[in-house]
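Peer 1: Got a structure for you, questions after.
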Amino acid sequence: MILSDLLGWFSCQDDSADDDCTDPQALEHLLRGVYSSAFASSATAQGPLAAGLTDIIRRAARLAPPLWKARAGQQYANYLEPCTTALMHRTHHTQPGVEGYDSLWRNAGGFQLCLEFTYWAQNIYLPSSLYYSQPWQELRRLALNLFKAVNDLLSFRIMENPDEDTYNVLTHLRHTQGLSAHEAAREVSRRIDQWAHAFSDAQAQLPHRLAELGYDEQAVHAVVTCAHALHNQWRGNIAWHLAVPRYREIRFKGV
């Protein structure tokens, strides 16, 4: 129930950021208010978005250690910059450049907060030495790439004006490399295949790499369990996008 509520909350958040808010400063104020309400215990929820996420985090945090809530808060904070920057670009009819794009792109969908619920759903909370280890962070980064790229690929054609979605990687490729929509889709499909294979390879090598770094069997088992959940999650994300009727619509008429 909590996970479905989180999905519904992000739908409302996206609508607010994409359609309801036209002032970057107002959006930043809104997002910071949501953050303060959901992750700072001294703050009072103001508005339905803040109240909604606060309730979700409160219910989830009852079943998790305090560090989980702190990490979830950090990941939501990482969502603030790309969300506000995207509105700034829409307001001024500009597009982001190449420098620094990948990091903002990866965090633009809010998937990094959803990944924190992967640990919560498994009831596995990685210690800092594992959470920030290179093997795990590499796998996590590949999963985020897959989440965002699949969303971008399948949502591009349902938009009448994809230029407004500045952190859609197809839009970015069209503006920075001069690709057509078809060429950009083909390039993103290639990247998805590449990242999927890289994820599978990294997942298979994970036990050996962690053992080489000196982690014990219990720690390795915890990370392997989380990796399996991540694998199911990004594959499920593909299946969900393919099953939802609105992603079969074609509104884009350009080339």
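Peer 1: When you look at residue 153, is it part of a helix (DSSP H, G or I), assigned by TED's automatic domain parsing to the domain that holds residue 228 and in contact with a Phe, Trp or Tyr (Cβ under 8 Å, 6 or more places away or on another chain), yes or no?
Peer 2: The answer is no for residue 153.
Peer 1: Let me ask something else about it. Could you please find all residues in region 130-154 being hydroxyl-bearing (Ser, Thr, Tyr) and in contact (Cβ under 8 Å) with a residue 12 or more places away in the chain?
Peer 2: 131, 133
Peer 1: In the list 166, 176, which residue meets the criterion of being of a type in the set (Ser, Thr, Tyr), under 23 Å from residue 86 (Cα atoms) and not in a helix (DSSP H, G or I)?
Peer 2: 166
Peer 1: What's the total number of residues in region 223-253 that are at pLDDT 80 or above and within 16 Å of residue 185 (Cα to Cα)?
Peer 2: 3
Peer 1: Looking at residue 4, is it without any contact (Cβ under 8 Å) to a residue 60 or more places away in the chain and exposed (fewer than 12 other Cβ atoms within 10 Å of the Cβ)?
Peer 2: Yes: the conditions hold for residue 4.
Peer 1: Follow-up. Which residues, taken from region 112-127, are touching a residue at least 40 places away in the same chain (Cβ under 8 Å) and either touching a Lys or Arg at 6+ places or on another chain (Cβ under 7 Å) or assigned to a helix (DSSP H, G or I) (or both)?
Peer 2: 113, 114, 115, 116, 117, 118, 119, 120, 121, 122, listed by residue number.
Peer 1: Looking only at region 157-172, filter to residues that are of a type in the set (A, V, I, L, M) and within 19 Å of the chain's Cα centre (by Cα); which one of those is nearest to residue 249 (Cα to Cα)?
Peer 2: Filtering first and then ranking leaves 170.
The values are calculated or read from the model by the stated rules, or taken from the named source; none is laboratory data. Computed from a predicted model, the values in this text were never measured in an experiment. Here Cβ is always computed from backbone atoms with ideal geometry, including for glycine, and neighbour counts include all displayed protein chains.
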